[in-house]
Amino acid sequence: MSFCSLSRLTRLSVSPNSLKPTTLLLFSTLSTADEIYAHLINNRFDLENTLIQANPKQDTKCVNDVMFKCVPNNSQMGLRFFIWAGLQSSYRHSAFMYIKACDTFKIKENPRVIKDIMENYKENPYGEL
């Protein structure tokens with residue numbers, strides 16, 4: 001069977017309409033960043049404590065991906081995650097990541113966001129954002 005015939009056969013037998021959502025789930029895996037982001041969204045009330053309990057493995061790529069998932073709708077949550085990640089013994093931010101976070105969360109354009117985070121920590125260190 002030629003490659004063209006095989007290609008045509010697979011296109012005909014597996015079309016997007018024939019795949020069910022459960023089938024799609026079998027072929028996809030969540031990245032660590034996706035899992036952390038979902039965890040952040042589902043645990044806004046106790047963000048840092050639940051992250052400590054979940055103990056996600058993070059690296060530079062993961063932290064970067066989570067930050068981008070949080071922008072623009074959940075920037076404070078993303079910044080809190082960035083701060084939390086940098087305080088973990090298994091991971092440290094590089095200078096590059098600090099620059100990346102400042103660019104991602106637009107700290108230069110809106111320095112008040114840092115003051116807001118600090119006030120939030122002061123009022124409710126592990127509370128809702």
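Remark: the Leu87-Asn120 segment gains 10.1 nm on full extension, using 0.36 nm per residue and subtracting the alpha carbon distance.
Length available on full extension from Val113 to Ser31: 0.36 nm per residue minus the Cα-Cα distance, which gives 26.7 nm.
Straight-line cross-link partners of Lys100 among the aspartates and glutamates, defined as a Cα under 12 Å from its Cα and at least 8 positions apart when in the same chain: Asp65. A straight Cα-to-Cα reach below 19 Å connects Lys108 with the aspartates and glutamates Asp116, Glu119, residues fewer than 8 places away in its own chain not being considered.
Taking only the Cα atoms of the range 32-129, how large is their convex hull per residue, in Å³? So the per-residue Cα hull volume is 88 Å³. The magnitude of the dipole of the range 57-129, with charges of +1 and -1 set on the Cβ of Lys/Arg and Asp/Glu and taken from the Cα centre, is near 180 debye.
Values quoted throughout were computed directly from the atomic coordinates according to the rules given, and no laboratory measurement underlies them. On a predicted model such as this, the values are computed, not experimentally measured, just so you know. For neighbour counting, all protein chains shown are included, and Cβ atoms are generated from backbone atoms with ideal geometry for every residue, glycine included.
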